[in-house]
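See structure below.
The values are calculated or read from the model by the stated rules, or taken from the named source; none is laboratory data. Bear in mind the structure is a predicted one, so any value in this text is a computation, not a measurement. Methodologically, a virtual Cβ is constructed for each residue, glycine included, from the backbone with ideal geometry; neighbour enumeration extends over all protein chains shown. The accessibility values were calculated without ligands, DNA or RNA, using every heavy atom of the protein model including side chains. Shrake-Rupley method; radii C 1.70, N 1.55, O 1.52, S 1.80 Å.
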Amino acid sequence: MPNYTFLAFCMLYLVFTPYFQLALFFRRYPKAPANSVVDDPTPDYMNLLGMVFSMCGLMLKMKWCAWAAVYCAFISFANSRSSEDTKQMLSSFMLSISAVVMSYLQNPQPMSPPW
Amino acid sequence: IIFSFIPSLYSTNTEDNEFAEFEDFDEDVEETRPELKQQDSSPQTEGDAQSPKSQTEDDTAEEEEAIVEDDDEFEHLQDSDEFEGLDQKSNAKGKTEPETLTITKIPHHLRTNWDSYYLEILMLSGLAVYFLNFLAGKSKNHRIAQSWLNAHKKLLSDNFAIVGDDGQGTDITEPGSNELLKESENVYSLWCTGRVGCEGMLVTLRLLKRHDLVTSLARIFKPQQDQLTIRINMDANEMDSFVLLIANKKLSTRLQKDMNDLSLYSTEKKNPEKYEIPTSFTLMSEIGEATAAVLDRRMVAALNNHEKSISYIHISDQYSGQKQQDDTQPQAVVPQTKKVLIFCFNLDSETKDMNEVQKLMTVVLNCLDKVKRIRLSKEAKMKADKNRARVEEKFHKAAHAQRQEAAQARRDEKRRAEKERIMNEGDPEKQRKLEEKENRKEARKRVPKMKMMKVKA
């Protein structure tokens with residue numbers, strides 16, 4: 001006689017274990033819970049601003065723009081969400097640091113403030 | 001005049017006196033001159049060859065005369081009147097010249113003078129300060145979150161089978177990680193599940209941005225507090241249908257505007273004193289009976305004791321999140337609703353003891369059990385169902401209106417295309433036939449439909 005009875009006994013045992021009962025009420029962690037709507041837009045704005053400033057620093061050779069780009073990259077790194085990928089962060093850092101280096105290579109004079 | 005004649009007479013008999021040798025000199029000069037003169041007169045006869053010689057003699061003669069003239073020519077230079085304006089100009093130029101002297105810009109050598117790079121040093125120090133503040137703020141936030149978790153771990157594990165599920169694990173029945181999930185430097189979340197009648201509870205710790213210097217400075221002008229938001233998703237059949245909001249005054253208007261369900265259902269504003277809760281709260285409720293049931297003795301005591309920490313309590317069976325931003329189109333699609341209990345507390349993170357915060361958690365759990373037990377009476381149930389039917393009706397009307405607009409637009413488009421085809425028709429004969437057909441069709445539409453009835457006499 002194949003051990004159907006043994007299998008049925010196991011199924012019955014499983015159904016009545018406390019964990020199984022509670023399992024009826026388990027729900028996995030909702031990946032995008034409703035409160036993600038109140039998301040923080042700062043890292044994205046700072047990232048965009050950083051890109052614009054480093055472009056200005058590189059193209060128009062304005063040193064204070066390059067320094068502002070470094071600050072924006074720093075602020076967007078500080079406010080970044082852990083779910084965000086680090087590639088975006090790395091690229092904005094590299095761009096802003098290269099803007100500073102390039103603008104000092106072209107003319108090593110000290111920076112003249114924008115005012 | 002007599003004297004002037006004497007020398008001329010005297011000069012004729014000069015051969016005998018002592019200066020004879022000088023006279024020879026004068027005579028040589030005169031002798032050369034007469035030769036010159038004789039040559040002048042004779043060249044015509046001897047031809048050109050000699051002419052250059054005679055020319056040089058002419059030049060020398062002219063030079064002598066030129067010299068004579070030069071002397072006259074520069075006489076005016078001595079005259080001081082000529083130079084009246086010149087002296088001031090030259091002096092003036094002399095005075096201003098040093099002022100306009102501009103030092104040409106030559107690039108400094110890098111290592112020569114560091115102090116001219118004061119702005120760069122300022123920038124670097126700013127970055128260093130930002131980074132140090134980042135590290136300090138990050139660790140402080142972590143400490144606060146950890147202390148909250150340690151204070152609540154036991155209470156939560158008693159009430160929930162799984163505490164701290166991050167959704168990654170394959171098998172749900174294993175116990176949770178008991179750890180906070182770090183969403184960002186200042187937001188930590190914890191998902192607890194496995195409790196009868198309740199789908200799950202999401203706890204979100206939204207702390208201040210201590211790690212970001214910019215927002216820390218902004219906080220000086222606009223003070224904020226750490227926030228703890230607890231959202232409990234109820235099972236479908238575990239909660240009766242009513243909507244209730246208890247919030248402090250400033251927040252309630254914003255919530256009322258933002259939240260879908262609050263703007264649709266809970267229109268009645270109740271007087272907080274009637275339920276003995278502090279007047280700093282506003283009370284918006286849909287079904288009075290349910291409100292009375294929720295605000296039992298324990299809840300009223302909690303509201304009075306923790307008046308400062310409680311930001312708002314939102315209990316609703318029609319929760320569908322925030323309103324859409326663009327209100328140009330009335331919402332036509334019935335939003336997906338859930339039964340939720342949302343509690344938002346302000347944490348005073350300066351106080352080290354977490355006892356008060358623990359009490360808040362017990363309030364939440366008591367309220368959860370209370371809501372499960374609430375069963376509306378028949379009238380209240382009818383009133384609630386009527387409200388829901390009214391709202392559903394509103395949505396269907398909006399959807400119907402949108403469908404009609406779309407159909408009308410399609411009809412107009414078809415008619416415009418038809419007219420365009422008629423206009424483009426080359427052959428006038430065919431054009432006239434098409435127009436007649438169009439007119440007949442429109443006429444038939446305008447005539448009301450009538451049925452011919454034969455009356456048998």
>> Given a Förster distance of 51 Å, report the FRET efficiency between residue B:372 and residue B:129 from their Cβ-Cβ distance, rounded to the nearest 0.05.
In response: 0.45
>> If packing is taken as the average number of other Cβ atoms within 10 Å across a peptide's residues, how do A:57-68, B:290-301 rank, most packed first?
In response: A:57-68, B:290-301
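So how do A:71, A:29 rank on accessible area, 1.4 Å probe, biggest first, that is with the largest at the start?
On the way: A:71 60, A:29 20 Å².
Sorted descending by solvent-accessible area, the residues read A:71, A:29.
Residues of segment B:336-390: accessible area per residue at 1.4 Å, in Å²? Spell out each step's value before the answer.
Values: 3010 Å² over 55 residues.
Ligands and nucleic acids excluded, the result is 55 Å² per residue.
Just counting partner chain Cβ atoms within 10 Å, what average do the residues of peptide A:68-79 show around their Cβ? Mind dumping the intermediate values first?
Working: counts 1, 0, 4, 5, 0, 0, 8, 6, 0, 2, 15, 8.
For this peptide, the per-residue mean of nearby foreign Cβ atoms is 4.
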> For B:118-124, what's the mean count of beta carbons from other chains sitting within 10 Å of each residue's beta carbon?
Replying inline: 4
> Averaged across the residues of A:98-110, what count of C-beta atoms belonging to other chains lies within 10 Å of each residue's C-beta?
Replying inline: 2
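Take the Cα atoms of segment A:42-106, build their convex hull, and give its volume per residue in Å³. Before the final figure, lay out the partial values.
Values: hull volume 3.7 nm³, N = 65.
Hull volume over Cα atoms, normalised by residue count, gives 56 Å³.
For residue B:420 and residue B:101 in the same chain, what is the full-extension length gain: residue separation times 0.36 nm, less their Cα-Cα distance, in nm? Don't jump to the answer; show the numbers that get you there.
On the way: separation 319, 0.36 × 319 = 114.84 nm, distance 7.88 nm.
Separation in residues times 0.36 nm, less the Cα-Cα distance, equals 107.0 nm.
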> At a 1.4 Å probe, what is the % contribution of carbon and sulfur to the accessible area of segment A:42-106?
Replying inline: 77 percent
> Fully extended, how many nm does the chain gain between residue B:409 and residue B:138 (0.36 nm per residue separation, minus their Cα-Cα distance)?
Replying inline: 91.9 nm
>> Could you give the length gained by full extension between residue B:324 and residue B:113, i.e. 0.36 nm per residue of separation minus their alpha carbon distance, to one decimal place?
In response: 70.0 nm
> Points 7 angstrom from Cα along the Cβ direction at residue A:97 and residue B:177: gap in nanometres?
Replying inline: 2.9 nm
> Label-point separation (nm) for residue B:236 and residue A:88, each offset 7 Å from Cα along Cα-to-Cβ?
Replying inline: 3.7 nm
